[in-house]
Amino acid sequence: MTNHITTKWLGEMAFESNNPSGQTLRIDASPEDGGKGDGYRPKALMLSSLAGCSGLDIASLIKKMKLEVDEFHIETIANLTDEHPKYYDAVTIEYHFHGPNLNEEKLQKAIDLSVEKYCGVMEMFRRFAELEIKTVFHG
């Protein structure tokens, strides 16, 4: 399977990029880097892709396992190297679950399945960064 996107320059430091489903997003540099800050930064977008990929897996598993979760969010904290080209060499992914009836064992299994088997973006990150996975239950 091949994905094809088009990214169009809008002038200055701004771009618009589509996805295979047809939605678009804006990419822009920060003001200190010559942009207006009116869009996503490319490296931050990579972290959103990582969290989104794993989050979709886990949301699907929460539904399949019929788990009670009031709220679920992912904190993604990445270390950027000092030398150019700068890249993420270490990433911590924290999964936070909220609710009075959390099945911690099954939720951890859902995370493990995403991290180890399903999330392709996680596998891509593994090629260049050390990953640390944390789970936090808020009962």
Check: Yes or no: residue 125 under 18 Å from the mean Cα position of the chain (by Cα) and closer than 26 Å to residue 81 by Cβ?
Finding: yes
Notebook entry, point to check: Is there a residue being over 23 Å from residue 124 (Cβ atoms) and in contact with a Leu (Cβ under 7 Å, 6 or more places away or on another chain) anywhere in region 12-34?
Noted result: yes
Margin query: Tally up the residues in region 93-122 that are surrounded by 15 or more Cβ atoms within 10 Å (Cβ to Cβ) and assigned to a strand (DSSP E or B), please.
Written below: 4
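Name every residue in region 14-43 that is in contact with a strand residue (DSSP E or B) (Cβ under 9 Å, 6 or more places away or on another chain), assigned to a loop (DSSP other than H, G, I, E, B) and under 26 Å from residue 79 (Cβ atoms), in order of residue number.
Result: 28, 29, 35, 39, 41.
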Margin query: Is it the case, given these coordinates, that residue 68 is outside any helix (DSSP H, G or I), open to solvent by 80 Å² or more (accessible area, probe 1.4 Å) and farther than 18 Å from residue 42 by Cα?
Written below: yes
Note to self: Return the pair list, or none, for Cβ contacts closer than 9 Å from residues in region 67-92 that are closer than 14 Å to residue 137 by Cα to residues that are among the hydroxyl-bearing types (Ser, Thr, Tyr), at least 6 apart or on different chains.
What the structure shows: 72/95; 73/95; 74/54; 74/95; 75/92; 75/95
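The values are calculated or read from the model by the stated rules, or taken from the named source; none is laboratory data. Treat the numbers as computed from the prediction; the structure is a model and nothing was measured. Here Cβ is always computed from backbone atoms with ideal geometry, including for glycine, and neighbour counts include all displayed protein chains. Only protein heavy atoms, including side chains, enter the accessible area calculation; ligands, DNA and RNA are left aside. Shrake-Rupley method; radii C 1.70, N 1.55, O 1.52, S 1.80 Å.
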